[in-house]
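Please read the structure below before turning to the comments.
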Amino acid sequence: MKALIAGAGIGGLATAIALRQAGLVVEVLERSQELRESGAGLMIWPNGTRALQALGVAVRRLVVERISFRSWRGHELMEIPMDIISERYGSDVAFVSRADLQAALTSTLGEDALSLGADVQSFEETEDHVEVRLRHDSVAGDLLVGADGIRSVVRRELLRDGDPFYLGSTIWRGVVHSPGIPIDRGQGINWVGPGSEFLAFHLPDDRIYWAAVTKEPRGEMSGPGGHKQDLLDRFGRWQDPVSALIAANDHAAILRNDMYDRPPVNHWSRGRVTLVGDAAHPMTPNQGQGACQALEDAVALGRGFAHAANVADAFKFYERQRLGRANRVVKASRQATRGVQIDAPILCAIRDTAARILPRTLMLRMLDKTLSAVPAGDLD
Ligand SMILES: Cc1cc2nc3c(=O)[nH]c(=O)nc-3n(C[C@H](O)[C@H](O)[C@H](O)COP(=O)(O)OP(=O)(O)OC[C@H]3O[C@@H](n4cnc5c(N)ncnc54)[C@H](O)[C@@H]3O)c2cc1C
């Protein structure tokens, strides 16, 4: 059986590995002429690590020893108990570089499975195959997986459910080489303020990754001084080293993206076509789960084909494993975004107090939703 996969992001590459492991021939259709990933970082939670292990992908990683939440002035609000997480979910949490993860996925898959410059325009199904139209060509397979991200062309044709939804916040990201910055390796710090947050952690090399979220009108428009000045205007009075990190970043290397998601749907598949990753369940980055969920999709779809006799049964297995769980994470991520968007002083005080007194059992119950909702053994 031949699987065509639209998109060579984390979801598409991981899916190709999983389907090849299940015995399928795979071709990944990527519209870019080369695989490029900016140097930004990712947190890989235990569910993501378990999926990477199942795929046989080894990536350079820095184990997280501590994640703390602080108010923008620097008051400690809460800490995620990392020791309990490893014990409870069977793996630690790690910081990785996106470029490293993409390189590890590509080398596990093998470049022979990649078709670069293949811009998917549409698809057509017949009873026994699916034909994918590219900008200048077309290609046929037994099934198509849309892994083409939040503005997926495959999803547009499959579900016809319109555009993603702007959540009202934007996220800036950067990476700095800064030996003087007082953040320990293995430590993640997340500062929360009115309508905004700022987080920073070391990557496995000597760089620090940071990200900032603020409420903004849609459009990613910057002021006359550019992204860096906009950030300094918004975060200049936050606890050190927030402004030092912004100031140290190369002005031109600051990325900014508006935050979108989609309301969860009750199916991702029709006939010989299905969706994975952000194409299936785009979510805000506030829970650090989008890539982890895409990795879980890949493993579940591979398991589907390893166990099922035909495409329909494989997709059924995949959706049974993944729909409910991914949809819960989409909702939890949106809720987390809404929490960060609180900006009235009285509500900020209530939010911060709630974080300070949150019982550990309740925190673990919330983490259970994202980290251990798959029945034990399904992804191991
Ligand atoms: C600021 C930020 C921080 C994040 N932090 C984390 C984190 O800490 N942990 C975590 O797990 N997740 C995190 N995420 C989420 C994560 O980055 C995404 O969920 C994940 O990268 C989605 O991967 P994907 O492969 O589904 O989609 P994408 O990465 O969007 O890849 C889609 C691919 O498809 C290609 N493509 C698009 N259209 C076509 C077409 N028509 N034809 C052919 N190819 C096409 C694109 O070029 C691209 O290569 C974060 C996201 C953001 C924005």
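Read the figures in this text as sums done on the coordinates, not as results from a lab. Predicted model only: the values in this text are computed from it and were never measured. All Cβ positions, even for glycine, are placed from backbone atoms using ideal geometry, and neighbour counts span all protein chains on display.
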For this session: Name the lysines eligible as straight-distance cross-link partners of LYS369: C-alpha to C-alpha under 24 Å, and not fewer than 8 places from it in the same chain.
Result: LYS316, LYS331
For this session: Please turn the phi angles of the range 124-132 into ³J(HN,Hα) values with the Karplus equation 6.51 cos²θ - 1.76 cosθ + 1.60 (θ = phi - 60°), one per residue in order, whole Hz, x for glycine and proline.
Result: 9, 9, 10, 5, 10, 7, 10, 10, 10
For this session: Go from 0 up to the bin containing the longest alpha carbon distance in the range 3-110, width 10 Å each, and give me the % of pairs per bin.
Result: 13, 37, 29, 15, 5, 1
Exercise. Sequence-distant or interchain residues sharing an amide H contact under 5 Å with LEU203, placed H: which?
Worked result: ILE208, TYR209
Exercise. The chain: longest stretch without exposed trypsin sites (Lys or Arg not before Pro) (DSSP loop, at most 16 other Cβ within 10 Å), sites themselves excluded?
Worked result: 238-380
For this session: Using the Karplus curve 6.51 cos²θ - 1.76 cosθ + 1.60 with θ = phi - 60°, work out ³J(HN,Hα) for each residue of the range 145-158 in order, rounded to whole Hz, and write x for Gly and Pro.
Result: 10, x, 10, 9, x, 4, 9, 3, 6, 5, 4, 3, 6, 6
Exercise. Under a 5 Å amide H to amide H cut-off, with H placed in plane at 1.01 Å, what residues pair with ILE67 once short-range neighbours are removed?
Worked result: ILE80, MET82, GLY188
For this session: Step through the residues of the range 170-177 one at a time and calculate ³J(HN,Hα) from phi using the Karplus curve (6.51 cos²θ - 1.76 cosθ + 1.60, θ = phi - 60°), rounding each to whole Hz and writing x for Gly and Pro.
Result: 10, 10, 9, 9, x, 9, 10, 8
Seminar exercise, completed: Semi-axes in Å, largest first, for the range 240-338 (Cα gyration tensor, √(5λ)) are 35, 14, 11
Seminar exercise, completed: Calculated from DSSP helices alone, with each H run of at least 4 adding -39500 (n - 2.57) and the total divided by the residues of the chain, [θ]222 nm to the nearest 500 comes to -12000 deg cm²/dmol
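Could you give the Stokes-Einstein D for the range 169-255 in µm² per second, using the C-alpha Kirkwood radius, 10 °C, 1.306 mPa s?
Rounded, D is 121 µm²/s.
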Exercise. Length gain on complete extension for the stretch ASN310 to ASP119, per 0.36 nm per residue less the alpha carbon to alpha carbon distance?
Worked result: 66.0 nm
For this session: Go from 0 up to the bin containing the longest alpha carbon distance in the chain, width 20 Å each, and give me the % of pairs per bin.
Result: 29, 58, 14, 0
Seminar exercise, completed: Length gained, VAL25-ARG88, 0.36 nm per residue minus C-alpha separation, equals 19.0 nm
Problem set entry | Antiparallel DSSP beta bridges within the chain, percent to nearest 5 | 70 percent
